[in-house]
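Please read the structure below before turning to the comments.
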Amino acid sequence: QVSAAAAVGPYPKQVKVVEVGPRDGLQNEKNVVPTPVKISLINMLSETGLQVIEATSFVSPKWVPQMADHTEVMQGINKVPGISYPVLTPNLKGFQAAVAAGAKEVSIFGAASELFTKKNINCSIEESLERFSEVMAAARAANIPVRGYVSCVLGCPYEGKISAAKVAEVSKKMYSMGCYEISLGDTIGVGTPGSMKEMLTMVMKEVPVGALAVHCHDTYGQALANILVALQMGVSVVDASVAGLGGCPYAQGASGNVATEDLVYMLNGLGIHTGVDLQKLMDTGTFICNALNRRTNSKVSQASCRL
Amino acid sequence: QEPQASGLPEYIKIVEVGPRDGLQNEKVIVPTDIKIELINQLSKTGLPVVEVTSFVSSKWVPQMADHKEVMRGIERHPGVHYPVLTPNLQGFHSAIAAGATEVSVFGAASESFSKMNINCSIEESIEKFEEVAKSARNMNIPVRGYVSCALGCPYEGNIIPAKVAEVSKRLYSMGCYEISLGDTIGVGTPGSMKKMLEAVMKEIPLSALAVHCHDTYGQALANILTAIQMGVSVVDSSVSGLGGCPYAKGATGNVATEDVIYMLNGLGINTGVNLYAVMEAGNFICTALNKKTNSKVAQASFNTGTI
C-alpha cells in the first residue's frame, strides 16, 4: 500500500451541520404534521446548538400538502439570534411569499439529471436554471443569501448512472448565479465512497471546497461512509435530518435522510467540532417520533435508550 | 474505480459470521435443518469463509446446542472455509471429531468483559487458548483469534489501544494466523478505529488483521472504510445483519454482509461474492426467523424491485 495510512484524514477541525428534518424530513413522511408540532420541533432544534435549520418550503400546497402551513411556521417559530432558518423557494412567487413571511435565507433545487428534472418540476435543467435566475436577482436585491441544491449527484431513479462532469457543470452554473453554497445530494442513496470521491473530484475543479456541502441519503446504508470520504476531501458542511426523518419516495419503506444523531456521534468520535449537544438532539428526535407515532431511524438513539 | 490508486486493497476477504455470531444473538432458536440450509446457501454465494457454529456447552449457548449435527450436515464446498468456535480443549476435540478443519478462539481486551463472559481473567483465557493452539498445531488445524471490546467495553467503557495490541500479540504469538478485532458494542468511530489499528499494527502484520464491526451506533461501514484505507483486507459481517446486541436491548449488532459488499463493489474492490445471492440467503433466513432484515441494501432492493 502506498501511504495508505495517510489517506485517512486530515479532517476539518469543524463541521457545520445543516438540519433538514423539518423540511426535507417531514416532507417525506406520510403523516401530515400539525403546525404547532412543526413549530415545537424547530424550537427544540434551536436549543441543540445547530446553526442552520431548514424550516419549510414555499411551494404550492397542491404539490406538497405537508408544507401548506409554510407562512404560519415561518411566523410562529422562535428565531434565535445566530441561527439561520433557510426555506425552499422553487420560483419567484415562492420567494416573495417567503420574504413576506420573514425569511432571511432561501434555497433553490437543481438536479444533475434531465429526466429527474422533467419528472419532478416538468421542465429541463436549463429551464429550471432560468427560473432560478429570477429568484437570484430578487434575492440579490434584497440581500438574501441563496443556497443551491443539486439532486441526483450519485445516481438517478430514472437515468441510473449520472456523470460527475454533469454534476460539476450544474454546480458551477448555480455557484456562478450567486449561490453561496452548493449542497450535493445523493437523492436515492445509491452512492458509495468510490462514486462520492469521483464526483467531488470533478466538482472541486469548478467550485471551491469551502462552498460545498454533502446531502447523503442512507437508503443503502452508505451515508456515513460517503460523508467520511467527503470530509477527507475537505468538505466541511453536512446535511442531516433529526431521527433520520424522511423516507425515500423511490423505494417504498426504505430509509432516506441520514440521521443527525448518527452523524454527530461520528464527528464527535473524530474530534471534529460541531457545537451540537447530542443528548438534546436525541431528545428532539424522541419528541418528533412520538408525535409522528413512528420509530426513530437513528441507530445512536435506538442504542442509547437501552443502555 | 481504481482501488490501488487510492491505496485501498484490491481484494477483500469477507468472513461470514451470520450462522454463528448472527444466530447466537437471535432470540428465536433456529431448527438444525434451517441452519444447515442457510450455510449451504451461503456456500454458493462466493463467500470464502462461513463461520458454522460453536462447540460451546449448550448450557451456555442453547442456540448452538446442535453444533455436531450442523457440522456433519452441511455441504462442504471446495475453496470455502468452515471455521467453528472452540472456547477450550474439550470443545476443540469435539469439533475435530465432528469434522471441523479450522477453529477460532475468543479473547477480549477487557478484564471485566472476560470475567463476565467466560468467568476468567484475560491471562487465564489465554492459557486455555494456548492448549487449543498447541493441539491445533499438532494436527495442522488453522486457528483464528478474536479480540472483543477492541473499541470499547460495556462494563469498562473506554479501552486503551495498547491493551488491544497486547492481547492481539499474545494470540498471534501462540499461532493464530489471523486476528479479528471486534467492536463488540459498536461504539467505535473512525477516530477510535484509526488509533486502535495504529497500535495493533505495531505488533501484528497488516495481512493478519481483520475487523469485526458492529453497527449498533450506525458506525460500522465508516469504521470498516477507515480500516481498509489503512490496509486491512479482511472484514467480518453477518448476512442480513443477523444478531442483535446483547448489551443494548433492541439495538442492532453485526453489520450486514449485503451492505458491506455494496460498498466494496462501489469502491471497485474484488470480493468474489455475488451480492444478489447473499440477499437471497438473507431473505431465506429472515423469512425463517419471521423478522425484517437489518440490511439497508436488501430493504431498498426488495422495495424497488431492482438490484
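Just give me the residues in segment B:178-219 being closer than 12 Å to B:MET230 by Cβ, of a type in the set (A, V, I, L, M, F, W, C), within 11 Å of chain A (Cβ to nearest Cβ) and crowded, with 21+ Cβ neighbours inside 10 Å, in sequence order. Once the filter is applied, which keeps residues that are closer than 12 Å to B:MET230 by Cβ, of a type in the set (A, V, I, L, M, F, W, C), within 11 Å of chain A (Cβ to nearest Cβ) and crowded, with 21+ Cβ neighbours inside 10 Å, segment B:178-219 yields B:MET193, B:LEU197.
On the basis of being within 23 Å of A:MET199 (Cβ to Cβ), of a type in the set (Gly, Ala, Ser), in a helix (DSSP H, G or I) and more than 9 Å from chain B (Cβ to nearest Cβ), does A:ALA243 make the cut?
no
I'd like to check something: does segment B:237-254 contain any residue that is under 28 Å from B:LYS169 (Cα atoms) and assigned to a helix (DSSP H, G or I)? No, segment B:237-254 contains no residue that is under 28 Å from B:LYS169 (Cα atoms) and assigned to a helix (DSSP H, G or I).
The numbered conditions (1) farther than 22 Å from B:SER237 by Cβ; (2) surrounded by 24 or more Cβ atoms within 10 Å (Cβ to Cβ) are all true for B:TYR172 except (2). Here segment B:40-51 is the region considered, the condition is being surrounded by fewer than 23 Cβ atoms within 10 Å (Cβ to Cβ) and in contact (Cβ under 8 Å) with a residue 40 or more places away in the chain, and the residue that is nearest to the chain's Cα centre (by Cα) is B:PRO48.
Scanning segment B:78-110 for residues that are over 25 Å from B:ASN138 (Cβ atoms) and either touching a strand residue (DSSP E or B) at 6+ places or on another chain (Cβ under 8 Å) or surrounded by 16 or more Cβ atoms within 10 Å (Cβ to Cβ) (or both) yields B:ALA108, B:ALA109, B:SER110. Considering only segment A:295-305, I want to know if a residue exists there that is within 14 Å of chain B (Cβ to nearest Cβ), of a type in the set (Gly, Ala, Ser), without any contact (Cβ under 8 Å) to a residue 60 or more places away in the chain and within 26 Å of A:VAL153 (Cα to Cα). Within segment A:295-305 (the criterion being within 14 Å of chain B (Cβ to nearest Cβ), of a type in the set (Gly, Ala, Ser), without any contact (Cβ under 8 Å) to a residue 60 or more places away in the chain and within 26 Å of A:VAL153 (Cα to Cα)), the answer is yes, since at least one residue qualifies.
Out of curiosity, is A:GLU134 in a helix (DSSP H, G or I), farther than 28 Å from A:TYR85 by Cβ and charged (D, E, K, R)? Spelling it out, it is not the case that A:GLU134 is in a helix (DSSP H, G or I), farther than 28 Å from A:TYR85 by Cβ and charged (D, E, K, R).
Restricted to segment A:208-238, and to residues there that are buried (at least 21 other Cβ atoms within 10 Å of the Cβ) and of a type in the set (Val, Ile, Thr), the residue that is nearest to the other protein chains (Cβ to nearest Cβ) is A:THR219. Residues in segment A:140-149 that are within 14 Å of A:SER176 (Cα to Cα) and under 22 Å from the mean Cα position of the chain (by Cα): A:PRO145, A:VAL146, A:ARG147, A:GLY148, A:TYR149.
Take A:GLU159 and tell me if it is under 20 Å from A:TYR250 (Cβ atoms) and either touching a residue at least 40 places away in the same chain (Cβ under 8 Å) or under 19 Å from the mean Cα position of the chain (by Cα) (or both). Lay out the reasoning, then the answer.
On the way: under 20 Å from A:TYR250 (Cβ atoms): yes; either touching a residue at least 40 places away in the same chain (Cβ under 8 Å) or under 19 Å from the mean Cα position of the chain (by Cα) (or both): yes.
Against the criterion (under 20 Å from A:TYR250 (Cβ atoms) and either touching a residue at least 40 places away in the same chain (Cβ under 8 Å) or under 19 Å from the mean Cα position of the chain (by Cα) (or both)), A:GLU159 qualifies.
Can you give me the number of residues within segment B:269-280 that are of a type outside the set (Ser, Thr, Tyr), over 17 Å from A:TYR220 (Cα atoms) and part of a loop (DSSP other than H, G, I, E, B)? Total meeting the criteria: 3.
All conditions but one from (1) farther than 23 Å from B:MET230 by Cβ; (2) at pLDDT 95 or above apply to B:ASN117; the one that does not is (2). If you go through segment B:221-231 and keep only what is closer than 22 Å to B:TYR172 by Cα and in contact (Cβ under 8 Å) with a residue 60 or more places away in the chain, you end up with B:ILE228, B:GLY231.
Filtered by the rule that a residue be without any contact (Cβ under 8 Å) to a residue 12 or more places away in the chain and either more than 7 Å from every other protein chain (Cβ to nearest Cβ) or within 21 Å of B:GLU51 (Cβ to Cβ) (or both), segment B:245-266 gives a lone residue, B:ASN265. Selection of segment B:283-299 for residues being in a helix (DSSP H, G or I) and without any contact (Cβ under 8 Å) to a residue 60 or more places away in the chain yields B:ASN283, B:CYS286, B:THR287, B:LYS296, B:VAL297, B:ALA298, B:GLN299. Looking across B:GLU37, B:GLU69, one residue alone is over 20 Å from the mean Cα position of the chain (by Cα) and among the charged types (D, E, K, R). It is B:GLU69.
Of the helices (runs of 4 or more DSSP H) lying entirely inside segment B:107-220, those containing at least 3 residues that are more than 17 Å from B:ASN88 (Cβ to Cβ) and without any contact (Cβ under 8 Å) to a residue 60 or more places away in the chain are B:111-118, B:161-173, B:190-200.
Residue under question is A:ILE288, and the condition is that it be among the aliphatic types (A, V, I, L, M), part of a helix (DSSP H, G or I) and under 17 Å from the mean Cα position of the chain (by Cα); does it hold? It is false that A:ILE288 is among the aliphatic types (A, V, I, L, M), part of a helix (DSSP H, G or I) and under 17 Å from the mean Cα position of the chain (by Cα). Just wondering, is there one or more residues in segment B:214-224 that are under 17 Å from B:ALA108 (Cα atoms) and of a type in the set (Gly, Ala, Ser)? No; the residues of segment B:214-224 include none that is under 17 Å from B:ALA108 (Cα atoms) and of a type in the set (Gly, Ala, Ser).
On the given criteria, is B:HIS93 more than 15 Å from B:ALA133 (Cβ to Cβ) and either among the charged types (D, E, K, R) or modelled with pLDDT of 95 or more (or both)? When the stated conditions are applied, B:HIS93 does not pass them.
Residues that are buried (at least 23 other Cβ atoms within 10 Å of the Cβ), free of Cβ contacts under 8 Å to residues at least 40 places away in the same chain and either among the acidic types (Asp, Glu) or more than 7 Å from every other protein chain (Cβ to nearest Cβ) (or both) within segment A:248-292 comprise A:ASP262, A:MET282, listed in sequence order.
Given the condition more than 13 Å from the chain's Cα centre (by Cα), hydroxyl-bearing (Ser, Thr, Tyr) and more than 30 Å from B:GLY266 (Cα to Cα), answer yes or no: does some residue in segment B:52-59 qualify? Within segment B:52-59, one or more residues are more than 13 Å from the chain's Cα centre (by Cα), hydroxyl-bearing (Ser, Thr, Tyr) and more than 30 Å from B:GLY266 (Cα to Cα). For segment A:78-131, which positions are among the β-branched types (Val, Ile, Thr) and either over 21 Å from the mean Cα position of the chain (by Cα) or part of a helix (DSSP H, G or I) (or both)? Result: A:VAL99, A:THR117, A:ILE121, A:ILE125.
Scan segment A:10-30 for residues that are among the β-branched types (Val, Ile, Thr) and in a loop (DSSP other than H, G, I, E, B) and jot them down. A:VAL15, A:VAL20 - these are the residues of segment A:10-30 that are among the β-branched types (Val, Ile, Thr) and in a loop (DSSP other than H, G, I, E, B). Return a yes/no flag: does segment A:262-277 have any residue that is over 28 Å from A:GLU198 (Cα atoms) and assigned to a helix (DSSP H, G or I). No, segment A:262-277 contains no residue that is over 28 Å from A:GLU198 (Cα atoms) and assigned to a helix (DSSP H, G or I). Note on segment A:49-64: residues that are surrounded by fewer than 24 Cβ atoms within 10 Å (Cβ to Cβ), modelled with pLDDT of 95 or more and either in a loop (DSSP other than H, G, I, E, B) or of a type outside the set (Val, Ile, Thr) (or both) total 2.
The values are calculated or read from the model by the stated rules, or taken from the named source; none is laboratory data. Here the structure is a predicted model, which is why all the values come from computation and not from measurement. FYI the Cβ positions are ideal-geometry reconstructions off the backbone, even for glycines, and counts take in every protein chain you see.
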